[in-house]
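Undergrad: Below is the structure I would like to discuss, written out as structure tokens.
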Number of protein chains: 2
Amino acid sequence: MKVVITGGTGMLGRRLALRLLAADELVGPSGQAEALERLFLVDAFAPAEPPPEDPRVEIVTANICDPAVVRRVIGDSVDSVFHFAAVVSGGAEADFDLGYQVNLDGARNVFEACRASAGTPRVVFTSSLAVYGGFRDIVDDTPLTPQTSYGAQKATGELMVNDYSRKGFFDGRSLRLPTIVVRPGKPNKAASGFASSILREPLQGDTVNCPVSAETRMLILSPRRAVQAFIDIHNADAEQLGFQRGVMMNGISPTIGEIVAALREIAGARVAERISWQPDAQIQGMVDNWPWFATGARARGLGFEPDGSIEEVIQSFIDDELGGQIAG
Amino acid sequence: MKVVITGGTGMLGRRLALRLLAADELVGPSGQAEALERLFLVDAFAPAEPPPEDPRVEIVTANICDPAVVRRVIGDSVDSVFHFAAVVSGGAEADFDLGYQVNLDGARNVFEACRASAGTPRVVFTSSLAVYGGFRDIVDDTPLTPQTSYGAQKATGELMVNDYSRKGFFDGRSLRLPTIVVRPGKPNKAASGFASSILREPLQGDTVNCPVSAETRMLILSPRRAVQAFIDIHNADAEQLGFQRGVMMNGISPTIGEIVAALREIAGARVAERISWQPDAQIQGMVDNWPWFATGARARGLGFEPDGSIEEVIQSFIDDELGGQIAG
């Protein structure tokens, strides 16, 4: 199989790539899992973490805003495309034009290139719970009423995925992600970044400020479960998805207080005390607008599993990213 | 006031223009109705019906797909823009690229030009009940799950109107229209065209085929009520609209059988018998997917009034378009 991952050297893209290289899990045109032959990791940025070393991998440093480049990478034929490349929520809010260029026009370039290629590739679009706005409890029929530019752009991408799929131009799927916690590496511009930082920094011996109250509830999913969900939605039967290709991925919903209590339990009081509590009204205001609970029957029915507990989320970070070592 | 109507020589655009020229009804920057000084009617097509003769009117034959042209017409300052120009449902389904170019990129050109102009113009975007799919009864919280390219493009336009308005780039509003009946003039490519033809042609002495069953229910609004609703949503208080700028316009929901019975009642059996009944499975299939009832509390609360009855719809066509004369 030829597989393309946009944003392929980013946090989720890279982890998905490592999973795909480790085992042939993706369902190909035969309807069965097929051997991965070539994996293109397209990213606007040079890799921040070491890219996978594997003869099947090609790193392409390119901007998806250029339709010719996207067309060239996807080429005349492709089996599967995972589209992660995006300007994150805070970035799209700060630079309106850039957000629409990358998140809308860039996605459309990917969709058009897939349409132009032979066959009917599976296209997995990364959406976000930011497509919702003003609802506390998200269920399958909750309307998409985004209240950020990022959310509006993701909702638009979902509409296109449905429409291109309906037309038979490709076989698309969209996964609406909760906040990914614990994000490894450096903070990005996502407004939700603190939810990872309050775990990541203390576990690595650094201090960190928590800008929101302990009562604040976060709807989260670990990178490990997210990567699994991307493979699951890629492999899901198109018939089972039906017309509406967007699936809300469920998450767990601990409060910040519960997250810090779990950190204390797992890593000890000294680690948990590396967190300071200076409120930031702007971040609190944004977060207060996010959904608290996602309990979609659809994701459950398709077998997409959220984490079992906040403890599992923290432990998977320690195991996957810290080699099991806590800076105690 | 300077007002721009895209699709300004089309069916609804022209009728709105005539209304605006007849009386100063639009709320301007002062918060009160202000005098109309200049009215630009932008349209890709030369006027099919005689354009309004008035020194305040300027007809601009131009394609909204050209951002420079749109920028020039909207100019450095504009008070109100009504955006009607679009490729209709059947057209967008037949020509995928053209649909996205006009209905998405063209709308975005209009939005960008309004953003670039001084002040905060009121922008009224014409949406459609085609943004819904798979629901029989439409209420305010019904999710937008379009099942046509046209519907996907209109839903995208609504997302942008919300986002540009939230950013303060303009003061946008979107009105989701039911099927407009009776459309005067020639049939267009809209899949819903028959709902007008079965009244328009017999009332003018022509025969017509009805491609759907008498039990088929149509959710409709007259051009007269539609024009009124556009003025109403333009003048609505932004605070009252809130974050979500899209308002579903309610309609009435007669069956085709009830529509023809009303025609017979008003115009006589001879007129009603000009309808033949050859079913068209493709049209029936599309129509069976459309919503039957729209009962939004929001439109009602804002005072947007649908027609009182199918008899009123037919009579308003006879009065407004046929000078009161039926071809008996």
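The values are calculated or read from the model by the stated rules, or taken from the named source; none is laboratory data. Owing to the predicted nature of the structure, the values given are computational and were not obtained by experimental measurement. All Cβ positions, even for glycine, are placed from backbone atoms using ideal geometry, and neighbour counts span all protein chains on display.
Undergrad: Among the candidates B:Met286, B:Met249, single out the residue that is over 15 Å from the mean Cα position of the chain (by Cα) and among the hydrophobic types (A, V, I, L, M, F, W, C). Steps first, answer last, please.
TA: On the way: B:Met249 fails: over 15 Å from the mean Cα position of the chain (by Cα).
None of the others qualify; the one that does is B:Met286.
Undergrad: Out of (1) exposed (fewer than 13 other Cβ atoms within 10 Å of the Cβ); (2) farther than 19 Å from A:Gly193 by Cα; (3) at pLDDT 95 or above, the odd one out for A:Ser276 is which?
TA: Tallying (1) exposed (fewer than 13 other Cβ atoms within 10 Å of the Cβ); (2) farther than 19 Å from A:Gly193 by Cα; (3) at pLDDT 95 or above, A:Ser276 fails exactly one: (2).
Undergrad: Residue by residue through segment A:290-328, note down the ones that are closer than 25 Å to A:Glu201 by Cβ and of a type in the set (S, T, N, Q). Steps first, please.
TA: Initially, segment A:290-328 is screened for residues closer than 25 Å to A:Glu201 by Cβ, giving A:290, A:292, A:306-328.
Within segment A:290-328, A:Ser309, A:Gln315, A:Ser316, A:Gln325 qualify.
Undergrad: Right, B:Trp277: closer than 30 Å to A:Ser149 by Cα and either within 14 Å of chain A (Cβ to nearest Cβ) or in contact (Cβ under 8 Å) with a residue 60 or more places away in the chain (or both) or not? Give the steps one after another, and end with the answer.
TA: Details: closer than 30 Å to A:Ser149 by Cα: no; either within 14 Å of chain A (Cβ to nearest Cβ) or in contact (Cβ under 8 Å) with a residue 60 or more places away in the chain (or both): yes.
So B:Trp277 fails the test.
Undergrad: Quick check, is B:Arg72 in contact with a helix residue (DSSP H, G or I) (Cβ under 9 Å, 6 or more places away or on another chain) and not aliphatic (A, V, I, L, M)?
TA: Details: in contact with a helix residue (DSSP H, G or I) (Cβ under 9 Å, 6 or more places away or on another chain): yes; not aliphatic (A, V, I, L, M): yes.
Yes, satisfied.
Undergrad: Out of curiosity, is B:Gly185 touching a helix residue (DSSP H, G or I) at 6+ places or on another chain (Cβ under 7 Å), at the interface with another protein chain (Cβ under 9 Å from one of its Cβ atoms) and either surrounded by 19 or more Cβ atoms within 10 Å (Cβ to Cβ) or not in a strand (DSSP E or B) (or both)?
TA: No, not satisfied.
Undergrad: Also: What about B:Phe40, is it modelled with pLDDT of 95 or more and within 20 Å of the chain's Cα centre (by Cα)? Reasoning before the result, please.
TA: Details: modelled with pLDDT of 95 or more: yes; within 20 Å of the chain's Cα centre (by Cα): yes.
Judged against the criteria, B:Phe40 is a match.
Undergrad: Of all residues in segment B:108-130, which are in a helix (DSSP H, G or I), under 30 Å from A:Asp141 (Cα atoms) and modelled with pLDDT of 95 or more?
TA: Matches in segment B:108-130: B:Arg108, B:Phe111.
Undergrad: Also, I was wondering about something else. Inside segment A:230-282, can you point out the residues that are touching a strand residue (DSSP E or B) at 6+ places or on another chain (Cβ under 6 Å), among the aliphatic types (A, V, I, L, M) and in a helix (DSSP H, G or I)?
TA: Listed by number, the residues that qualify are A:Ile233, A:Ala238.
Undergrad: Can I ask one more? Please tell me if B:Arg176 is among the basic types (Lys, Arg), within 22 Å of B:Ser192 (Cα to Cα), touching a residue at least 24 places away in the same chain (Cβ under 8 Å) and more than 10 Å from every other protein chain (Cβ to nearest Cβ).
TA: Working: among the basic types (Lys, Arg): yes; within 22 Å of B:Ser192 (Cα to Cα): yes; touching a residue at least 24 places away in the same chain (Cβ under 8 Å): yes; more than 10 Å from every other protein chain (Cβ to nearest Cβ): yes.
Taking the combined requirement at face value, the residue satisfies it.
Undergrad: Among B:Pro52, B:Pro47, which is the only one that is out of contact with any Phe, Trp or Tyr (no Cβ under 7 Å at 6 or more places or on another chain) and surrounded by fewer than 18 Cβ atoms within 10 Å (Cβ to Cβ)? Break it down stepwise before answering.
TA: On the way: B:Pro52 fails: surrounded by fewer than 18 Cβ atoms within 10 Å (Cβ to Cβ).
From the options B:Pro52, B:Pro47, the qualifying one is B:Pro47.
Undergrad: Now, a different point. Within segment B:131-173, can you find the residues that are touching a helix residue (DSSP H, G or I) at 6+ places or on another chain (Cβ under 7 Å), among the basic types (Lys, Arg) and more than 8 Å from chain A (Cβ to nearest Cβ)?
TA: B:Lys154, B:Arg173
Undergrad: Can you tell me how many residues in segment B:100-127 are of a type in the set (Gly, Ala, Ser), surrounded by 24 or more Cβ atoms within 10 Å (Cβ to Cβ) and within 14 Å of chain A (Cβ to nearest Cβ)? Reasoning before the result, please.
TA: Step one: of segment B:100-127, the residues of a type in the set (Gly, Ala, Ser) are B:106-107, B:113, B:116-119, B:127.
Add one more test, that the residue is surrounded by 24 or more Cβ atoms within 10 Å (Cβ to Cβ), and what stays is B:106-107, B:113, B:127.
Still in the list and also within 14 Å of chain A (Cβ to nearest Cβ): B:107, B:127.
Of the residues in segment B:100-127, 2 are of a type in the set (Gly, Ala, Ser), surrounded by 24 or more Cβ atoms within 10 Å (Cβ to Cβ) and within 14 Å of chain A (Cβ to nearest Cβ).
Undergrad: Also: Looking only at segment B:134-173, count every residue that is under 17 Å from B:Glu112 (Cβ atoms) and of a type outside the set (A, V, I, L, M, F, W, C) and tell me the total.
TA: Applying the first criterion (under 17 Å from B:Glu112 (Cβ atoms)) to segment B:134-173 yields B:153, B:156-172.
With the extra rule that they be of a type outside the set (A, V, I, L, M, F, W, C), the set shrinks to B:153, B:156-158, B:162-168, B:171-172.
Result for segment B:134-173: 13.
Undergrad: Right, here's the next one. Counting only residues that are in contact with a Ser or Thr (Cβ under 8 Å, 6 or more places away or on another chain) and assigned to a helix (DSSP H, G or I), which one in segment A:287-328 is modelled with the lowest pLDDT?
TA: A:Val287
Undergrad: Looking at B:Phe293, B:Phe194, can you tell me which residue is surrounded by 20 or more Cβ atoms within 10 Å (Cβ to Cβ) and aromatic (Phe, Trp, Tyr)? Can you show your working first?
TA: Details: B:Phe293 fails: surrounded by 20 or more Cβ atoms within 10 Å (Cβ to Cβ).
One residue alone meets the criteria, B:Phe194.
Undergrad: Could you list, in sequence order, all residues of segment B:34-50 that are in contact (Cβ under 8 Å) with a residue 40 or more places away in the chain, of a type in the set (A, V, I, L, M) and out of contact with any helix residue (DSSP H, G or I) (no Cβ under 6 Å at 6 or more places or on another chain)?
TA: Residues satisfying the conditions are B:Ala44, B:Ala48.
Undergrad: Any chance segment A:259-269 includes a residue that's surrounded by fewer than 19 Cβ atoms within 10 Å (Cβ to Cβ), out of contact with any helix residue (DSSP H, G or I) (no Cβ under 9 Å at 6 or more places or on another chain) and at pLDDT 95 or above? So that I can check it myself, show each step before the final result.
TA: Residues of segment A:259-269 that are surrounded by fewer than 19 Cβ atoms within 10 Å (Cβ to Cβ), as a first pass: A:261, A:264-266, A:268-269.
If we keep only those that are out of contact with any helix residue (DSSP H, G or I) (no Cβ under 9 Å at 6 or more places or on another chain) too, we end up with A:268-269.
With the extra rule that they be at pLDDT 95 or above, the set shrinks to A:268-269.
Yes, because at least one residue in segment A:259-269 is surrounded by fewer than 19 Cβ atoms within 10 Å (Cβ to Cβ), out of contact with any helix residue (DSSP H, G or I) (no Cβ under 9 Å at 6 or more places or on another chain) and at pLDDT 95 or above.
Undergrad: If you don't mind, another one. List, please: which pairs have Cβ atoms under 9 Å, are six or more places apart or on different chains, and start with a residue in segment B:68-92 that is within 23 Å of B:Gly151 (Cβ to Cβ) and end with one that is surrounded by fewer than 24 Cβ atoms within 10 Å (Cβ to Cβ) and of a type in the set (Lys, Arg)?
TA: Correct list of pairs: B:Val87/B:Lys189; B:Val88/B:Lys189; B:Ser89/B:Lys189; B:Gly90/B:Lys189; B:Gly91/B:Lys189; B:Ala92/B:Lys189.
Undergrad: Could you run through segment A:212-243 and say how many residues are within 14 Å of chain B (Cβ to nearest Cβ) and surrounded by 19 or more Cβ atoms within 10 Å (Cβ to Cβ)? Don't jump to the end; show me each part of the working.
TA: The first filter runs over segment A:212-243 and keeps only residues within 14 Å of chain B (Cβ to nearest Cβ), leaving A:241-243.
Next, from what is left, pick out any that are surrounded by 19 or more Cβ atoms within 10 Å (Cβ to Cβ): A:241.
The total comes to 1.
Undergrad: In addition: Scan segment B:244-268 for residues that are basic (Lys, Arg) and either under 19 Å from B:Phe304 (Cβ atoms) or within 14 Å of chain A (Cβ to nearest Cβ) (or both) and jot them down.
TA: Here is the first cut: in segment B:244-268, the residues basic (Lys, Arg) are B:245, B:264.
Listed by number, the list holds a single entry, B:Arg245.
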